[in-house]
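**Student:** The structure is given below, and queries will be raised subsequently.
The values are calculated or read from the model by the stated rules, or taken from the named source; none is laboratory data. Keep in mind that this is a model prediction, so the values were computed, not measured. Cβ placement follows ideal geometry from the backbone for every residue including glycine, while neighbour counts extend to all protein chains displayed.
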């Protein structure tokens, strides 16, 4: 079921299906990709994995498990509606026989969207109600329209980090530097020929999608993220969007040298009774 929050010239909507953000508008302008044929998502939640381990297989408590889909299961499950206020809506997902068959930890995951004066705040609140520590990865995957204006095109845009960054990617076993100590990366189709651009441990806490030909822009602020990724489908001119993805860490496949989830170096650990809140913010102009 879809829920909408409005205030003044801003609005957002979010669905119990995957607790996924479906719309983010300012003055009637839609900033979020609208789930077209090029990618049938809006802004999925990545939990309990970011990407997938090798062959979607891992170990926990000495038992081998297989995660059925990429990025875990939260994005494909129905959340319960928990609460709606004047400026927020909260959804809840809890462990079930279906999740325990793929992921052997009891959990609750609350997702709260709160309208801001210039966008929306997203809180992902994980709680461990079980009797043993749980391990997980968590991230956002919002897709933003690119171009944002009808009089601009995909290649009129650029990515801007808050601070100068050195960004590289692995191509055929070699690290190739995309930018060195710079803030901006031009958006092109070729930029995504080798999948997502992943930056671990960025100095920046914000990343933006901008154009010199448009007054409209999107900024994702990620105070707690240890990794930021940029993605759009390769060689697909119908994919008129760019994802700005704040993640708790690098993807789970970075830890494939260790099959045991409890020993993967980038997995978050949450002890019984503990709660972890992962927050990021989307600002639009």
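**Student:** If residue 109 satisfies every condition in (1) touching a residue at least 40 places away in the same chain (Cβ under 8 Å); (2) closer than 29 Å to residue 230 by Cβ; (3) out of contact with any helix residue (DSSP H, G or I) (no Cβ under 7 Å at 6 or more places or on another chain); (4) crowded, with 17+ Cβ neighbours inside 10 Å but one, which is the exception?
**Tutor:** Just one mismatch for residue 109, condition (3).
**Student:** If a residue has to be in a loop (DSSP other than H, G, I, E, B), in contact with a strand residue (DSSP E or B) (Cβ under 8 Å, 6 or more places away or on another chain) and more than 19 Å from residue 30 (Cβ to Cβ) to count, how many in the range 224-238 make the cut?
**Tutor:** Within the range 224-238, residues that are in a loop (DSSP other than H, G, I, E, B), in contact with a strand residue (DSSP E or B) (Cβ under 8 Å, 6 or more places away or on another chain) and more than 19 Å from residue 30 (Cβ to Cβ) number 3.
**Student:** Let me ask something else. Restricting attention to the range 239-260, and to residues there that are part of a loop (DSSP other than H, G, I, E, B) and in contact (Cβ under 8 Å) with a residue 12 or more places away in the chain, which single residue is nearest to residue 139 (Cα to Cα)?
**Tutor:** Among those residues, the one meeting the criterion is 248.
**Student:** Filter the range 8-33 for residues that are touching a residue at least 60 places away in the same chain (Cβ under 8 Å), surrounded by fewer than 21 Cβ atoms within 10 Å (Cβ to Cβ) and part of a loop (DSSP other than H, G, I, E, B) and give the result.
**Tutor:** 16
**Student:** Same structure, new question: Which residues, counting only those in the range 172-223, are more than 22 Å from residue 31 (Cβ to Cβ), out of contact with any strand residue (DSSP E or B) (no Cβ under 6 Å at 6 or more places or on another chain) and not in a strand (DSSP E or B)?
**Tutor:** If the condition is that a residue be more than 22 Å from residue 31 (Cβ to Cβ), out of contact with any strand residue (DSSP E or B) (no Cβ under 6 Å at 6 or more places or on another chain) and not in a strand (DSSP E or B), then 172, 173, 190, 193, 195, 201 are the ones that fit.
**Student:** On the basis of being surrounded by 21 or more Cβ atoms within 10 Å (Cβ to Cβ) and within 26 Å of residue 72 (Cβ to Cβ), does residue 207 make the cut?
**Tutor:** Spelling it out, residue 207 is indeed surrounded by 21 or more Cβ atoms within 10 Å (Cβ to Cβ) and within 26 Å of residue 72 (Cβ to Cβ).
**Student:** It is to be established whether one or more residues within the range 155-163 are touching a residue at least 12 places away in the same chain (Cβ under 8 Å), under 21 Å from the mean Cα position of the chain (by Cα) and part of a loop (DSSP other than H, G, I, E, B).
**Tutor:** No, because not a single residue in the range 155-163 is touching a residue at least 12 places away in the same chain (Cβ under 8 Å), under 21 Å from the mean Cα position of the chain (by Cα) and part of a loop (DSSP other than H, G, I, E, B).
**Student:** So which residues in the range 116-138 are under 18 Å from the mean Cα position of the chain (by Cα) and either at pLDDT below 95 or under 22 Å from residue 86 (Cβ atoms) (or both), if there are any at all?
**Tutor:** Residues satisfying the conditions are 119, 120, 121, 122, 123, 124, 125.
**Student:** So which of 55, 87 is out of contact with any helix residue (DSSP H, G or I) (no Cβ under 7 Å at 6 or more places or on another chain), modelled with pLDDT under 95 and more than 17 Å from residue 266 (Cα to Cα)?
**Tutor:** Criteria check complete, one pass: 55.
**Student:** Separate question: Exactly one condition in (1) buried (at least 21 other Cβ atoms within 10 Å of the Cβ); (2) not in a loop (DSSP other than H, G, I, E, B) is not met by residue 103; state its number.
**Tutor:** It fails just one condition, (2).
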